[in-house]
1. Filter the stretch B:97-114 down to the residues that are over 11 Å from A:Ala106 (Cβ atoms) and either facing chain A (nearest Cβ under 9 Å) or of a type in the set (Phe, Trp, Tyr) (or both) and list them by number.
2. Sort out which residues of the stretch B:103-128 are under 12 Å from B:Ala67 (Cβ atoms) and touching a residue at least 60 places away in the same chain (Cβ under 8 Å), and write them in order of number.
3. Can you name every residue in the stretch A:173-184 that is more than 7 Å from every other protein chain (Cβ to nearest Cβ) and touching a helix residue (DSSP H, G or I) at 6+ places or on another chain (Cβ under 6 Å)?
4. Give me a count of the residues in the stretch B:43-54 that are outside any loop (DSSP other than H, G, I, E, B) and free of Cβ contacts under 8 Å to residues at least 40 places away in the same chain.
5. Just to be sure, is B:Ile72 over 27 Å from A:Ser24 (Cβ atoms), aliphatic (A, V, I, L, M) and at pLDDT 95 or above?
6. Only one of A:Thr88, A:Thr151, A:Thr94 is surrounded by fewer than 19 Cβ atoms within 10 Å (Cβ to Cβ), of a type outside the set (Asp, Glu), part of a helix (DSSP H, G or I) and in contact with a helix residue (DSSP H, G or I) (Cβ under 7 Å, 6 or more places away or on another chain); which?
7. Restricting to the stretch B:155-176, what's the tally of residues that are of a type in the set (Gly, Ala, Ser) and part of a loop (DSSP other than H, G, I, E, B)?
8. If B:Gly107 satisfies every condition in (1) out of contact with any Gly (no Cβ under 9 Å at 6 or more places or on another chain); (2) outside any helix (DSSP H, G or I) but one, which is the exception?
There are 2 protein chains.
Amino acid sequence: MPTASSRLSRDSWIDAALELLLQSGPDAVAVQPIARRLGTTKGSFYWHFSSRDDLLRATLARWEAVAGDDLIASVDARAGDSRKKAETLAEEVTTGQRPGELLLLAGTDHPDVAAAVERVARKRIDYLARQLRSSGLTPAAAQRRALLVYTAYLGQALLAASAPGVLPDSARGRRALVGEMAELVLP
Amino acid sequence: MPTASSRLSRDSWIDAALELLLQSGPDAVAVQPIARRLGTTKGSFYWHFSSRDDLLRATLARWEAVAGDDLIASVDARAGDSRKKAETLAEEVTTGQRPGELLLLAGTDHPDVAAAVERVARKRIDYLARQLRSSGLTPAAAQRRALLVYTAYLGQALLAASAPGVLPDSARGRRALVGEMAELVLP
DNA sequence: AGCCCTCCGTACGCCGAGGTATGGACCTGC
DNA sequence: GCAGGTCCATACCTCGGCGTACGGAGGGCT
């Protein structure tokens, strides 16, 4: 929060924008609020960016890297067999989901948003499918069931954000749900 | 689109607002756009409603009735055994979902929205659980699996809105996914 | 020292939203 | 036919967003 270096870079803006994107969704990526948060003004912004849409695109690109490749790489680096890895990704998707991220997924007319969302979803599902194949499923079954598992986790994240009362109260109970889904999907 | 009766009622406004809510989410429930769509002005609006929030609350109440009780009653009235009914509800939730409805579910800070969403989710899940019990599951298992089924369908609706490319192209393929989920969840 | 290029603060215009005030059209009952 | 209530159009205010113009601070180079 301090005036780190008095002089801002393009990345400083993207960092703050990503934080707001994950917190409150794409509509929160607005120039003036971010400027206030950074303790600066629009004069700085329009030197680093050509428009608000320019910032949004850059922020989405950063999100895509973090939520897609980085997350998968982090999951894959941890110990465990295929099933454990699939469950870890599930855990990340359900509990690690930031509120604004769901607003991204909930569909926006912005074409760049839709494209980024689709690429991230595909990467995650393909990763799940690879783990399921390693656990013995045929490629076709693994693909179908990876989709089922991923949608179940997305739905759980959705309910956690909007209707937490219908989910188990305890983190243990919610993990048990994840486990039961894995149980059902594996032979 | 015609000037139906030149004179508008409170319900006319709620009808139009619900349409926009389901189409583009709660932020789209705005006075002036709806007035334009109805071919009238704010002068009419502020006679029937005290504020924009008044309209939003009324629209949510209507949505809750339609998406909750009415939908379940409609599904339940159709022919079929418990499993068929559960699949029918699934079909409605996945394919019948309007884009704006997901924005409601994706979490909003508005307390009235959150409360309405939670009630609707609970009704649907409880209905699913009743069908699963009728199919032979124990009450506890039925409740857990109803939750899994519902989240899988919500997630599918989410992907349909934001990343349709990762879902099967054909309606047949998507129905097959629903069927596979039912298969997995029943003993 | 003088210059230039980088970076940012200030002030402005535009638009579209929420909300208010007011007057007038139109029906309704007496 | 006329008085009063119902319904709505117009004009106006504020606020907050996007985008632009312009000028000035500040450091590096010669």
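1. If the condition is that a residue be over 11 Å from A:Ala106 (Cβ atoms) and either facing chain A (nearest Cβ under 9 Å) or of a type in the set (Phe, Trp, Tyr) (or both), then B:Asp109, B:Val113, B:Ala114 are the ones that fit.
2. B:Leu104
3. Scanning the stretch A:173-184 gives A:Val178, A:Ala182.
4. Selection size over the stretch B:43-54: 8.
5. yes
6. Numbers: A:Thr151 fails: surrounded by fewer than 19 Cβ atoms within 10 Å (Cβ to Cβ); A:Thr94 fails: surrounded by fewer than 19 Cβ atoms within 10 Å (Cβ to Cβ).
From the options A:Thr88, A:Thr151, A:Thr94, the qualifying one is A:Thr88.
7. So the answer is 2.
8. Tallying (1) out of contact with any Gly (no Cβ under 9 Å at 6 or more places or on another chain); (2) outside any helix (DSSP H, G or I), B:Gly107 fails exactly one: (1).
The values are calculated or read from the model by the stated rules, or taken from the named source; none is laboratory data. Only a predicted model underlies this, so the values are computations on that prediction, with no experimental measurement involved. So basically every Cβ, Gly included, is an ideal-geometry build from the backbone, and we count neighbours across all protein chains shown.
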